[in-house]
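Accompanying notes for the structure given below.
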Amino acid sequence: MRIRTMKFGGTSVGDGEAIRRTAKLIGASVDEGYGVVAVVSAMSGVTAALIRAATAAETGQADVFRSARLQLLTRHLQAISACVAEADQEQISEEVSSLLDLLLRLCESVSVLGELTDRGRDAIVALGERMSCRIVAGCLRGLGYDAVPVEATRLIVTDARYGSANPLMEETRQATRDVLLPLLEAGKVPVVTGFIGATRAGVTTTLGRGGSDFSGSLLGSALGSEEIWIWTDVDGVLTADPRLVPEARSLPEISYAEAAELAYFGAKVLHPKTMLPAQAAGIPIRIKNSFNPDHPGTLITAKAEPSEQGVRGITAVKGLSLVTVEGRGMLGVPGIAAKVFTAVAREGISVLVITQSSSEQNICFVVPGSSAERAIAALEAEFAVERARQDIDDIRAQHNVGVVAVVGAGMKGTPGVAARVFDALGSRGINVICIAQGSSENNLSFVLDEADIEEAVRAVHSRSCLNGGACA
Ligand code: ASP
Ligand code: MG
């Protein structure tokens with residue numbers, strides 16, 4: 001059987017009308033003869049509302065989580081009456097309201113304990129997808145398709161890292177095939193919850209914010225789908241954020257590596273882990289706009305031709321801090337870098353960019369601004385002895401910086417790309433604080449003052465010939 005796995009994000013199931021549009025897109029692939037597995041996010045904004053309710057419960061704000069429950073109930077019931085056929089409305093409404101009763105009980109328990117564990121938070125936020133998958137399935141049934149809601153707790157087996165659990169690939173593959181293939185064979189359309197999984201013991205976990213893309217790719221790969229389609233609300237992966245660069249264009253084709261680089265660096269369309277299972281299984285990912293389905297979107301494959309001008313896209317992240325460890329006594333001393341990053345890792349801080357100049361007198365790295373103080377404290381403790389000996393003179397953070405990443409497989413071995421990038425910055429008087437390029441040569445990252453980021457992205461976009469038309 002030819003299988004197509006389709007994931008729909010929050011805006012694609014944001015209200016009754018969007019759900020109806022989504023159901024028609026699913027139905028169209030069924031009509032083409034595909035076995036279709038749909039994977040859905042929570043309705044837009046619902047995950048955030050659930051997180052707020054859980055957080056309020058921790059501090060005993062019962063009025064906050066009670067009113068959140070009521071708002072969620074109203075919103076879901078409205079969607080049900082707008083897109084589910086009469087005959088199904090009562091049952092689905094009952095299921096949704098019993099899930100929201102569970103929300104109330106969970107929040108009350110959190111409130112009594114005065115503690116919100118990661119495990120408790122996962123049980124609460126999972127409710128968004130558990131509700132939306134029922135409504136989408138109900139809508140499909142009204143259109144004449146034999147759809148069934150399926151909870152991914154039966155399919156995606158994960159470790160117990162609540163909040164950003166890691167799937168156990170082989171077990172997930174097996175469970176997914178065991179549950180979904182018979183449904184497909186029987187002509188059914190499974191509508192699966194994105195974002196969630198369960199431990200071996202059956203406790204609900206989540207894959208991290210935006211994790212439904214990853215769910216879609218995990219399930220699509222396990223089933224040997226022909227393609228994995230990620231439906232979102234933009235025309236695929238763009239050359240830059242269109243809010244920064246009005247000339248940004250949709251990319252017809254990119255490689256898995258480019259998509260992952262862009263996703264890691266803040267292009268919001270895709271969860272960065274999405275590429276992993278698909279790439280391993282050699283399954284193309286297609287990004288499409290459910291509000292503009294005739295647009296071809298972006299196809300992500302292994303063999304996408306590198307772009308001629310080298311650069312494929314540009315992304316930027318703000319709100320970062322640059323940490324510097326400096327000292328003349330570091331020259332030629334092995335183990336300093338290891339100590340730096342061990343200390344930072346012990347704090348659970350993730351590092352975005354690293355540079356060390358060949359004079360070996362300082363190491364710089366970028367962390368989220370909110371982690372900078374902790375990173376400094378950890379380094380001061382780690383290097384107390386070296387500080388006393390003055391082998392290390394300074395450990396400091398520069399706040400309010402951002403990173404711009406210029407991405408493209410075609411940059412590899414193409415001379416002149418970096419020259420154009422830095423010329424674009426120099427000609428606008430933008431100061432570059434530090435630069436990193438890995439030997440894969442498909443990502444050139446540099447650190448700037450946050451205030452310069454937007455102009456920098458526009459300048460590099462235009463100078464990298466991404467604006468379309470004639471290229472200077
Ligand atoms: N609903 C989850 C979130 O908002 C997962 C997803 O939509 O991808 O993060
Ligand atoms: Mg998303």
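The values are calculated or read from the model by the stated rules, or taken from the named source; none is laboratory data. Since this is a predicted model, take the numbers as computed values, not measurements. Cβ coordinates were reconstructed from backbone atoms using ideal geometry, including for glycine residues, and neighbour counts include every protein chain displayed. Accessible surface areas use protein heavy atoms only, side chains included; no ligands, DNA or RNA. Shrake-Rupley method; radii C 1.70, N 1.55, O 1.52, S 1.80 Å.
Assorted remarks:
- Between segment 407-448 and segment 1-59, the alpha-carbon center distance in angstrom: 38
- As a fraction of the 1.4 Å probe accessible area of segment 278-318, surface on carbon and sulfur atoms comes out at 49 percent.
- Accessible surface of segment 324-472 [probe 1.4 Å, protein heavy atoms]: carbon and sulfur percent: 50
- Between 0 and 90 degrees, the angle of helix 62-83 with respect to the longest Cα principal axis of the chain falls at about 60 degrees.
- Calculated mean residue ellipticity at 222 nm for the chain: -13000 deg cm²/dmol, from DSSP H runs with n ≥ 4 weighted as -39500 (n - 2.57), summed, divided by the residue count and rounded to 500.
- Solvent-accessible area, 1.4 Å probe, carbon plus sulfur percent, for segment 101-158: 48
- Tilt relative to the chain, helix 372-382 - C-alpha long axis, 0 to 90 degrees, to 10: 60
- Whole-angstrom gap from segment 62-85 to segment 217-277, using each part's C-alpha centre: 31
- Centroid-to-centroid separation of segment 291-350 and segment 169-216 [C-alpha atoms, Å]: 30
- The chain - charge dipole about Cα centre, Lys and Arg +1 at Cβ, Asp and Glu -1, debye rounded to 20: 240
- Share antiparallel - DSSP beta bridges, segment 205-334, percent rounded to 5: 35
- Probe 1.4 Å, protein heavy atoms only - accessible area per residue of segment 152-200 in square angstrom: 42
- DSSP bridge pairs, the chain: antiparallel proportion in percent, nearest 5: 60
- Accessible solvent surface per residue of segment 418-472, calculated while the other protein chains remain in place, 1.4 angstrom probe, Å²: 45
- Annotation: per residue accessible area for segment 47-95 equals 53 Å², rounded to a whole number [probe 1.4 Å, protein chains only].
- By average C-beta atoms within 10 angstrom, highest first, the peptides 2-15, 401-414: 2-15, 401-414
- Highest average first, the peptides 380-390, 140-150 ordered by how many other beta carbon atoms sit within 10 Å of their residues are 140-150, 380-390.
- Per-residue packing, averaged as other Cβ atoms within 10 Å, sorts the ranges 295-301, 57-63 into the order 295-301, 57-63, beginning with the highest.
- Other residues within the sphere of radius under 14 Å centred on the Cβ of Ser440, judged by their own Cβ, net out at -1 (K and R +1, D and E -1).
- Crossing angle, helix 86-113 versus the chain [Cα axis fit, 0-90 degrees, rounded to tens]: 50
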